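J.: Have a look at this one before I ask anything.
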Amino acid sequence: MQWPIPLQPARFIRRENRFRALVECDGHLLAAHVANSGRLGELFTPGAAVWVAPFQEPAGRKTACHLALVEYADTLVSVDARLPNRLVAEALSAGRLAPLAGYATVRPEVRVGSSRLDFLLSDGQAGPRCWLEVKSVTLVEDGLALFPDAPTTRGVKHLEELAALRRNGERVAVGFVIQRSDALRFAPHPTADPAFAAALRRVQAEGVEVYAWRCAVDHNAIELTDPVPVSC
C-alpha cells in the first residue's frame, strides 16, 4: 500500500493527548494527528525522527498533518492503527495469507453481539466461513513483538466473542499485524495487560487460531509480508 501523498521528515516534540502530537517540520511547530490510542512510549520520545503527511485541506482541522512513521533503532515503524485492516484486506484479496486463503467473499466490520469483528470470510450463505479480528502491533523488544502496550478491555472482549463463536462451531482467528520489519516472533504482553495475555492463551486452547505477520515499511509504502511464530 502506497502512502497517499509524499511523507515529510519532522521531529517529535511531545504528545499532547491520545490523538494529537506536536512536531517540528521545516522549522515550524505543527499539531499532528495520531491515529493510535496506544502508549507508544518507546517510540514517542522528544527529538525522535518522524514522518508526517500534511493534510491537503487543513482548514477547519485541529491538526495540520498526520503522523505516519517513527524511526526507532534504525527501523521505520508505522504508528497508524487504522492500517492493519487495510493491509489484511489487501493481502486476503491477493491470496497472500495462506491459512486464510480460498474464501470467495471478504466482508468487513460485521456485527457480533454488541460489537463488530473486523472480517467475515465466507464461501456463500451455506459454505464454510471464518471470523477474523485484527490487531495493530508497534512494540518490539529484542525481536519479540508484543501486544498490547497498555490494558485493553476491548481487546479482551473481542477474544471472548471469538471464543463464543468457536464454541458454536465457527472457525475463528485473530491476526496481529506488526507494523515494522524487525520482529522475529510474537507474544502477548503479560506485563502491560495480564488479562489480555491470559485470555489469548485461553482462547487459543479453545480453538481460536492466532496468527502474526510483520510488515515491510519505507517512506513510500507499507506492505504485509511474512508470518512470524506465535508464542502464547
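The values are calculated or read from the model by the stated rules, or taken from the named source; none is laboratory data. Remember, it's a predicted structure, so these values are computed and weren't measured experimentally. Note that each Cβ is placed from the backbone with ideal geometry, even for glycine, and that neighbours are counted across all protein chains shown.
J.: Please count how many residues of region 36-70 are surrounded by fewer than 16 Cβ atoms within 10 Å (Cβ to Cβ), modelled with pLDDT of 95 or more and either of a type outside the set (Gly, Ala, Ser) or in contact with a Ser or Thr (Cβ under 9 Å, 6 or more places away or on another chain) (or both).
T.: So the answer is 2.
J.: Still on this structure, I have one more. Find the residue count for region 104-121, including only residues that are without any contact (Cβ under 8 Å) to a residue 40 or more places away in the chain and farther than 12 Å from LEU92 by Cα.
T.: 6
J.: When region 189-208 is examined, which residues are found to be within 15 Å of ALA150 (Cα to Cα), surrounded by fewer than 17 Cβ atoms within 10 Å (Cβ to Cβ) and free of Cβ contacts under 8 Å to residues at least 40 places away in the same chain?
T.: PRO190, THR191, PRO194, ALA198
J.: Those residues that are small (Gly, Ala, Ser) and under 30 Å from SER93 (Cα atoms), I need them from region 1-52; list them, please.
T.: ALA35, SER37, GLY38
J.: Here is a further query. Which one of the conditions (1) in contact with a Pro (Cβ under 9 Å, 6 or more places away or on another chain); (2) closer than 18 Å to LEU69 by Cα; (3) buried (at least 17 other Cβ atoms within 10 Å of the Cβ) does ALA145 fail to meet, given that it meets all the rest?
T.: The failed condition is (1).
J.: Also, I was wondering about something else. Which ones in region 28-61 are touching a His at 6+ places or on another chain (Cβ under 9 Å) and part of a strand (DSSP E or B)?
T.: ALA32, HIS33, TRP51, VAL52, ALA53, PRO54
J.: Okay, moving on. Can you name every residue in region 62-87 that is acidic (Asp, Glu) and part of a loop (DSSP other than H, G, I, E, B)?
T.: Within region 62-87, ASP74, ASP80 qualify.
J.: Still on this structure, I have one more. Can you work out which of the residues in region 148-184 that are free of Cβ contacts under 8 Å to residues at least 60 places away in the same chain and among the polar types (S, T, N, Q) is surrounded by the most Cβ atoms within 10 Å (Cβ to Cβ)?
T.: This residue is THR152.
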